[in-house]
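The values are calculated or read from the model by the stated rules, or taken from the named source; none is laboratory data. Everything numeric in this text was worked out from a predicted model, so none of it was measured. Positions of Cβ are generated from backbone atoms using ideal geometry, with glycine treated the same way; all protein chains shown enter the neighbour counts. Ligands, DNA and RNA are stripped out before the accessible areas are found, and what is left, the full protein with its side chains, is counted by its heavy atoms. Shrake-Rupley method; radii C 1.70, N 1.55, O 1.52, S 1.80 Å.
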Amino acid sequence: MKKITLALIVFIIFSANPGFTRLYAQAKEASVKVTGEVLTPLDLKLDDLQQFKQVELKRKDHDSNDHTYTGVMLSDILQKAGVTLGKELHGKNLSKYAQVEASDGYQVVFALAELDKDFTDRMIMGASKIDGQPLAPTDGPFRIIVQDEKKPARCIRMVTAIKIQTAK
């Protein structure tokens, strides 16, 4: 009964407010571009992310409440793009980093070693859902979630690009 009621409420909101329909359509068309020092540049839409293994991660957010995020390990996305990871991530390659950009201009940086499963068990994911629901337009449609950091400052919202670069 709750699912039917929720579905009816969502239908009424979308029907009564064309702005919600437009936001939903924009979210479906939004993408994350993976560029820079990659073998295969990517332009991933929401549907593309569903092709990856989905993982869940619980963490406190800015609201100090625990949430369950669903999405893709960032390392899986980078691996598909042909980023230097695994056995090749040594020597000069350890100076490579991922610069993550949001639609509002916010940027954060991760050393590739922070994202590589051979270096760490810490989960850093590209989330598309929170508590089983799509991310709100002010958070998504893509968001990076970092496990166990004391501050959620690198849990960047509205992600549009990931650029792989080498520090000079």
Hits in the range 124-146 (condition: open to solvent by 40 Å² or more (accessible area, probe 1.4 Å) and either on the phi < 0 side of the Ramachandran plot or among the acidic types (Asp, Glu) (or both)): LYS129, ASP131, GLN133, PRO134, ALA136, PRO137, THR138
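Go through the range 52-131 and tell me which strands (runs of 3 or more DSSP E), entirely inside it, have 1 or more residues that are free of Cβ contacts under 8 Å to residues at least 40 places away in the same chain and hydrophobic (A, V, I, L, M, F, W, C). Steps first, please.
Values: elements: 55-60, 66-73, 96-102, 107-111, 124-130.
The qualifying strands (runs of 3 or more DSSP E) are 107-111.
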Residues (modelled with pLDDT of 95 or more and part of a loop (DSSP other than H, G, I, E, B)) located in the range 26-51: GLU37, VAL38, LEU39, THR40, PRO41
Any hit, the range 156-168, residues being part of a strand (DSSP E or B), open to solvent by less than 10 Å² (accessible area, probe 1.4 Å) and touching a Cys at 6+ places or on another chain (Cβ under 9 Å): no
